[in-house]
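Where a number appears in this text, it was derived from the coordinates with a stated rule and is not lab data. In this text, all values refer to a predicted model and were calculated from it rather than measured experimentally. Here the Cβ positions follow ideal geometry from the backbone for every residue, glycine too, while neighbour counts run over all protein chains shown.
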Amino acid sequence: MGSSRNVAVFGAYGHTGRFVVAELRERGYVPLLLGRDQDKLLALVEAHPGLEARQASVDDPASLRALNGAAAVINCAGPFATTAAPLVEAALRAGIPYVDVAAEIEANVDTFAHFAERARAAGTVVVPAMAFYGGLGDLLVTTAMGDWTAADEAHIAYGLSSWHPTAGTLAAGAVSGQRRGGRRVRYTGGRLEYHDDALPTLEWPFPAPLGPQSVIGEFTMADVVTVPSHLAVPEVRTYMTAKAAADLSAPDASAPTAVDERGRSAQTFVVDVLVRSGGTERRVAATGRDIYAISAPLAVEAVDRILTGRTRTTGVASAGAVFDAPDFLQALSSHLSLHVPLDTRG
């Protein structure tokens, strides 16, 4: 275990990694910059004088001793099907907690399946999908559930104004598509199901100011792994605004463009959550800006809570299982506007 203020960031020079490095510095942590590309690491050090950079690659397990001296590691380098397991292994060897921002469904399933017992036995915490997809939705569903221990359905609707994907997003999507053999995935009947059905288009009643929007149903995101990992909800469904889905799949899809001093894009989002149990519905929503930028405070808040002992369990755990979800969301009030509850009715 290293200094409690040193946090390794693997993939520190990537799009999300840069946001994470900046967020760590703002909160008084000392990022340790890790990645395989020495030139990009050196360029990042020029932007953040005084920080240490160490070259490391998941293809070279010995190089992952670069985690030595860190109190925790945040993995920002996808595809996580390639990077997650080696980094979790390295974190367990180093005796430090691991957090990643993986949106890849299969990679997150693998983390739960392969490391749950070892992480629990080590008394450490491994938190996959601690990001916009997977982490935020799980925190919102857990908050909406309140005192419920089970629900019939959970619906997470993503209202993105646009979606300019990073190269990492596109690469991760390609890997997931290959692993599924081109099939689609959904969570129904308490399990993941792969299928070739066409995805439905419907209207989702987002709260004001966004209002009703055309969405793609069963546009399945990492929430189908995180939510059922600790909540008894047999049906977890996610939706994406049709415009954002079209942006993502466009042949000329372009990366995000910074429009402010923090490097955020102009993209805005609403994440609207509805849970049902019997005849009762509960609804919670969060609004904010830039799905990549918001992943930084999510991941850094997670690390801060782990290092300061504000956790509920050990082992591999999703955001809603390991943290006090309502309190966690309130801690992000400078990044998110939270509407809780928007609607509760019988």
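If we sort 195-205, 264-274 on the protection proxy, mean other Cβ atoms within 10 Å, highest first, what's the order?
Order by mean packing, descending: 264-274, 195-205.
Can you give the extra length, in nm with one decimal, that the chain gains between ALA266 and ALA246 once fully stretched, where that is 0.36 nm per residue apart less the Cα-Cα distance?
5.4 nm
Which FRET efficiency value, to the nearest 0.05, do you get for ARG310 and ARG191 by plugging their Cβ-Cβ distance into 1/(1 + (r/R0)^6) with R0 = 30 Å?
0.40
What is the ratio of the Cα radius of gyration of the stretch 177-332 to 2.2 N^0.38 Å, where N is its residue count, to two decimals?
Dividing the Cα radius of gyration by 2.2 N^0.38 Å gives 1.15.
SER214 to ARG93: FRET efficiency via 1/(1 + (r/R0)^6), r the Cβ-Cβ distance, R0 56 Å, to the nearest 0.05?
0.70
Say each of ASN68 and GLU46 gets a label point 7 Å from the Cα, pointing the same way as Cα to Cβ; how far apart are those two points in nm?
Rounded to a tenth, the inter-label distance reads 3.0 nm.
Figure the gain on full extension for THR149 and SER162 (residue separation times 0.36 nm, minus the Cα-Cα span) and round it to one decimal in nm.
1.2 nm
Please list the radius of gyration and Dmax for the stretch 30-103, considering alpha-carbon atoms only, with Å as the unit.
That works out to 11.8, 32 Å for Rg and Dmax.
List the relative contact order of the stretch 217-344 as a percent without decimals, with contacts defined as Cα pairs under 8 Å and 6+ residues apart.
24 percent
Under a Cβ-only charge scheme (Lys and Arg +1, Asp and Glu -1), can you give me the dipole magnitude of the stretch 30-116 about the Cα centre, in debye to the nearest 20?
280 debye
Dipole magnitude of the chain about its Cα centre, charges +1 at Lys/Arg Cβ and -1 at Asp/Glu Cβ only, in debye to the nearest 20?
500 debye
What 222 nm value per residue comes from the helices of the chain, counting each DSSP H run with n ≥ 4 as -39,500 (n - 2.57) and dividing by all residues, nearest 500 deg cm²/dmol?
It lands at -9500 deg cm²/dmol.
For a bin width of 5 Å, list the pair-distance distribution of the stretch 164-253 built from all Cα-Cα distances, rounded to whole %.
Taking all Cα pairs of the stretch 164-253, the binned fractions are 3, 12, 18, 22, 22, 15, 6, 1, 0 percent.
Which distance in Å, rounded to a whole number, links the C-alpha centroids of the stretch 1-67 and the stretch 201-253?
If you average the Cα positions of each part, the centres end up 32 Å apart.
Label points 7 Å out from Cα along the Cβ direction at ALA232 and ASP39: separation in nm?
Each label point lies 7 Å from its Cα, and together they span 5.7 nm.
First check a/c for the stretch 246-333, with a ≥ b ≥ c the square roots of the eigenvalues of its C-alpha gyration tensor; if it is under 1.5, answer rounded, and if not, answer prolate when a/b is larger than b/c or oblate otherwise.
oblate
For the stretch 151-206, place one equal point scatterer on every Cα, skip the solvent, and apply the Debye formula. What is log10 of I(q)/I(0) at q = 0.18, 0.28, 0.30 Å⁻¹?
With no solvent term, the Cα-only Debye profile gives -0.96, -1.16, -1.15.
How high is the relative contact order of the stretch 97-240, in percent, with contacts defined as C-alpha pairs under 8 Å that are six or more residues apart?
That works out to 31 percent.
Can you list the HN-Hα couplings for the stretch 43-56, worked out from phi with the Karplus curve (6.51, -1.76, 1.60; θ = phi - 60°), rounded to whole Hz and with x for Gly and Pro?
Ordered by residue, 3J(HN,Hα) equals 5, 5, 4, 4, 7, 10, x, x, 7, 9, 10, 9, 6, 8 Hz.
Stretched out fully, how many nm does the piece from GLU26 to ARG183 gain, at 0.36 nm a residue minus the Cα gap?
52.3 nm
Report the net charge of residues surrounding GLY177, where surrounding means a beta-carbon distance below 12 angstrom and charges are Lys +1, Arg +1, Asp -1, Glu -1.
Computed value for this residue: +2.
Looking at the stretch 1-139, what % of the alpha carbon pairs are farther apart than 27 Å?
Cα-Cα pairs of the stretch 1-139 separated by over 27 Å account for 13 percent.
Round to a whole angstrom and tell me the spacing of the C-alpha centers of the stretch 268-346 and the stretch 116-146.
Each part's Cα centre sits 11 Å from the other's.
Arranged from highest to lowest average of other beta-carbon atoms within 10 Å per residue, in what order do the peptides 149-159, 95-105, 287-297 appear?
95-105, 287-297, 149-159
Amide H neighbours of ASN6 under 5 Å, at least 5 residues apart or on other chains, H built in the peptide plane: list them.
Excluding prolines and chain starts, which carry no amide H, the hits are VAL30, ALA71.
Taking a ≥ b ≥ c as the square roots of the Cα gyration tensor eigenvalues, with a/c under 1.5 meaning rounded and otherwise prolate when a/b beats b/c, else oblate, which class fits the stretch 73-125?
It comes out oblate by the Cα gyration axes.
Return a whole-number percent for the relative contact order of the chain, with Cα pairs under 8 Å and 6 or more residues apart as the contact set.
Result for the chain is 20 percent.
Specify which residue in the list TYR187, GLY69, ALA245 is farthest towards the positive end of the charge dipole of the chain, using unit charges on the beta carbon of Lys, Arg (+1) and Asp, Glu (-1), about the Cα centre.
GLY69
Compute the semi-axes of the equivalent ellipsoid of the stretch 21-72, taking the square root of 5 times each eigenvalue of the Cα gyration tensor, and list them largest first in whole Å.
19, 14, 7
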